[in-house]
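The next block holds one structure in the form of structure tokens; read it before the comments.
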Amino acid sequence: MNFIDEKIVLDFYLMQIEKGNIEFLKEAGEVKERIKANVEKLKDAGDMHDKIQIAKDLWKALFEASMSYIDPDRRGYDELFKYFDEYVNFEELIFASDSFYRDHTLHCLWVYFLGEYLTKTDCYKELFSQVNAQMHTVVNLGKVLKDSVLAPSFQKVISFASKFDVFNYDDSIWCISALTHDLGYPIKKINKINRCISKVLPYFALENYSEFNFDYSSSQQQYIESFIKLMTMSIAVSSIDTNTIEPLLEKIFNVDENHNLIGLDEKVLSSLSKEEVNLLTNQLQFKPLIQESISQKLQYLNDFEQYQHGVMSAFLLMKTIKSFSNTTFIYVDNSNVDLNSIDYKSFFTKKAILNAISDHTNESRQIRGLYDVSDVLILIDELEEFSRISRANMNRQFVEEFCKSNIYYEDGVLNIDFIFDNENIKNLDPEKAFKGRCNRFLSLFNITNLDEQLKIKLSCIGKLPYDNNTYTLEIARKYANITINGEEQDIPKYLKTSQFYTKEMYMKL
């Protein structure tokens with residue numbers, strides 16, 4: 001069994017830098033060397049204080065390199081870095097107020113490195129093949145047409161498709177999303193601290209006190225509404241009905257095993273008649289449309305009212321980093337969009353970051369497949385368990401290894417094994433951890449409409465004197481099953497909830 005741990009993902013990341021596979025570090029110069037040096041230090045660090053200090057500098061260097069690759073405007077970096085220092089200090093206070101609080105300073109880095117490892121290791125490629133698939137199709141169409149004899153006839157399509165070629169920014173989008181997704185966490189913990197204070201003050205005969213509270217003024221509401229509107233808008237691509245030319249398209253385009261366009265059949269092209277070429281020219285056209293999701297808007301507004309740390313992290317970025325609010329985005333109406341009046345690269349990259357950060361705590365959002373960076377961040381945030389510092393044994397001794405992780409992709413199934421074998425943690429409960437995972441995954445994944453390609457098998461494996469059981473959850477389209485040592489459980493009864501269905505009921509949905 002090959003466990004995934006800090007050393008494996010850090011060694012892999014260093015190798016990716018050397019191979020030039022981290023796009024925003026290819027020409028990063030001094031900051032690239034700073035990142036490499038800090039990664040090496042983090043690998044060797046044993047003391048928790050040293051790890052935190054290294055992590056602080058590494059976090060800033062990665063943010064600087066990845067964000068400036070997207071936009072050279074660095075206004076707000078100093079302010080954000082000052083906040084990050086205060087955020088790290090605040091975590092110490094939260095640790096003191098919550099016995100089960102788990103580290104987020106290092107966690108954000110581990111999410112980033114684990115994501116790099118999973119998305120760029122060949123054996124997981126199939127798992128992430130659908131990320132931004134529609135955009136890939138449009139861009140690849142433009143590229144194959146540009147390199148063909150039909151290029152003069154399809155200049156409009158080629159030009160249109162090139163506007164959507166933003167894949168050079170994938171590495172930066174992932175880096176910023178992972179690094180910043182938990183920055184709003186202190187806001188969520190204020191109530192916990194209030195309760196701790198309320199228990200202490202009466203001993204000093206101080207019964208009349210005001211809790212620390214906060215709210216946004218009416219003058220800020222318009223900004224908040226504009227922020228939410230930006231995150232719920234998207235530029236969709238519509239096409240003229242291609243049914244009449246579908247036989248032609250199937251003849252001339254070559255696709256790979258994932259149905260991605262990879263080229264044109266030149267022999268077929270050379271045999272096309274003028275009428276067929278004209279038909280393709282007239283029918284193979286695209287039009288940009290602006291869409292706004294009302295349901296998504298309601299979800300984000302609800303998250304804002306609840307101070308969910310995802311949307312608060314996104315709001316912090318928007319308010320602090322000036323480039324997030326300086327994107328050119330002009331349109332007359334939703335169906336009359338001039339891409340020359342929209343900085344699509346800036347709009348797409350920054351919106352993808354804000355959405356991913358907000359979505360990871362959006363309780364209404366369900367994953368149907370790994371289609372965008374939001375889906376990837378949510379999944380990998382759930383997988384990162386190999387280094388979560390906590391006080392999980394309910395005393396003041398910090399626990400550095402809650403469980404071991406074994407993650408592998410086999411026969412079209414993402415297998416996630418969490419192994420609980422640390423006998424130094426008192427009252428470690430694999431089944432309790434498993435039930436928490438079941439509640440999260442059964443809520444998170446839209447099992448009724450799950451992509452056929454996404455299948456998950458999650459196991460919490462006890463290797464302790466008092467618990468040597470294997471608890472397993474399997475999820476696929478219209479399928480969910482919980483077993484203990486291979487024995488099936490009635491899902492609602494086992495989890496003591498009416499929120500989920502039995503295995504048989506899921507199959508009938």
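Quick notes
- Residues of the stretch 411-426 include at least one that is open to solvent by 30 Å² or more (accessible area, probe 1.4 Å) and under 22 Å from the mean Cα position of the chain (by Cα).
- Selection count, the stretch 435-480, where residues are open to solvent by less than 20 Å² (accessible area, probe 1.4 Å) and assigned to a helix (DSSP H, G or I): 5
- Subset of the stretch 18-32 [open to solvent by 60 Å² or more (accessible area, probe 1.4 Å), over 20 Å from TYR117 (Cα atoms) and either assigned to a helix (DSSP H, G or I) or touching an Asp or Glu at 6+ places or on another chain (Cβ under 6 Å) (or both)]: GLU30
- Among the residues making up the stretch 114-134, those that are part of a helix (DSSP H, G or I) and either of a type in the set (Phe, Trp, Tyr) or open to solvent by less than 40 Å² (accessible area, probe 1.4 Å) (or both) are LEU114, GLY115, GLU116, TYR117, LEU118, TYR124, LEU127, PHE128, ALA133.
- The stretch 454-492 - residue that is of a type in the set (Lys, Arg) and touching a Leu at 6+ places or on another chain (Cβ under 8 Å) and, of those, nearest to TYR408 (Cα to Cα): LYS457
- Qualifying residue in the stretch 154-167 (condition: aliphatic (A, V, I, L, M) and at pLDDT below 85): yes
Yes/no per residue for (1) without any contact (Cβ under 8 Å) to a residue 12 or more places away in the chain; (2) in contact with a Cys (Cβ under 9 Å, 6 or more places away or on another chain); (3) within 20 Å of ASN406 (Cα to Cα); (4) of a type in the set (A, V, I, L, M, F, W, C):
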{"residue": "SER443", "(1), (2), (3), (4)": "no, no, no, no"}
{"residue": "THR448", "(1), (2), (3), (4)": "no, no, no, no"}
{"residue": "ASP451", "(1), (2), (3), (4)": "no, no, no, no"}
{"residue": "LEU454", "(1), (2), (3), (4)": "no, no, yes, yes"}
{"residue": "LYS457", "(1), (2), (3), (4)": "no, no, yes, no"}
{"residue": "GLU474", "(1), (2), (3), (4)": "no, no, yes, no"}
{"residue": "MET507", "(1), (2), (3), (4)": "no, no, no, yes"}
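- Residue tally, condition in a helix (DSSP H, G or I) and either of a type outside the set (A, V, I, L, M) or at pLDDT below 95 (or both), over the stretch 72-89: 12
- Qualifying residue in the stretch 266-284 (condition: farther than 30 Å from PRO152 by Cβ, modelled with pLDDT of 75 or more and open to solvent by less than 30 Å² (accessible area, probe 1.4 Å)): no
- Residue within the stretch 166-174 that is closer than 30 Å to HIS104 by Cβ, in contact with a Phe, Trp or Tyr (Cβ under 8 Å, 6 or more places away or on another chain) and not in a helix (DSSP H, G or I) present: yes
- SER341 vs. criteria within 26 Å of VAL237 (Cα to Cα), surrounded by fewer than 17 Cβ atoms within 10 Å (Cβ to Cβ) and at pLDDT 75 or above: yes
- Counting the residues of the stretch 307-338 that are under 14 Å from LYS287 (Cβ atoms) and either among the aromatic types (Phe, Trp, Tyr) or modelled with pLDDT of 90 or more (or both) gives 1.
- Qualifying positions in the stretch 415-468 - of a type in the set (Val, Ile, Thr), in contact with a strand residue (DSSP E or B) (Cβ under 8 Å, 6 or more places away or on another chain) and under 22 Å from TYR479 (Cβ atoms): ILE416, ILE447, ILE456, ILE461
- Residues of the stretch 148-166 that are within 21 Å of ASP265 (Cβ to Cβ), open to solvent by 60 Å² or more (accessible area, probe 1.4 Å) and either touching a residue at least 12 places away in the same chain (Cβ under 8 Å) or of a type in the set (A, V, I, L, M, F, W, C) (or both): VAL149 alone.
- Scope the stretch 4-17; condition part of a helix (DSSP H, G or I), at pLDDT below 95 and open to solvent by 50 Å² or more (accessible area, probe 1.4 Å); matching residues: LYS7, ILE8
- Count - residues of the stretch 481-509 that are assigned to a strand (DSSP E or B) and under 29 Å from the mean Cα position of the chain (by Cα): 3
- Pairing residues of the stretch 65-78 that are over 13 Å from LEU317 (Cβ atoms) with residues that are assigned to a helix (DSSP H, G or I) and β-branched (Val, Ile, Thr), at Cβ distances under 7 Å and at least 6 apart in sequence or on separate chains, gives ALA65/VAL31; ALA65/ILE35.
- Evaluation of GLU92 against the conditions (1) acidic (Asp, Glu); (2) over 26 Å from PRO186 (Cβ atoms); (3) at pLDDT below 95 shows that the sole unmet condition is (2).
- The set of residues from the stretch 1-29 being of a type in the set (Val, Ile, Thr) and without any contact (Cβ under 8 Å) to a residue 40 or more places away in the chain comprises just one member, ILE17.
- Breaking point among (1) among the small types (Gly, Ala, Ser); (2) exposed (fewer than 15 other Cβ atoms within 10 Å of the Cβ); (3) under 16 Å from GLY184 (Cβ atoms), for ALA314: (2)
- For SER346: the one exception among (1) surrounded by fewer than 19 Cβ atoms within 10 Å (Cβ to Cβ); (2) more than 23 Å from PHE128 (Cβ to Cβ); (3) touching a residue at least 40 places away in the same chain (Cβ under 8 Å): (1)
- Taking the stretch 41-76 as the range and being open to solvent by less than 10 Å² (accessible area, probe 1.4 Å) and not aliphatic (A, V, I, L, M) as the test, the residues that pass are TRP59, PHE63, SER66.
The values are calculated or read from the model by the stated rules, or taken from the named source; none is laboratory data. Bear in mind that the values here come from a model prediction, so they are computed numbers and not experimental data. Cβ: placed from backbone, ideal geometry, glycine included. Neighbour counts: every protein chain shown. In case anyone asks, the SASA skips ligands and DNA or RNA and just uses the protein heavy atoms, side chains included. Shrake-Rupley method; radii C 1.70, N 1.55, O 1.52, S 1.80 Å.
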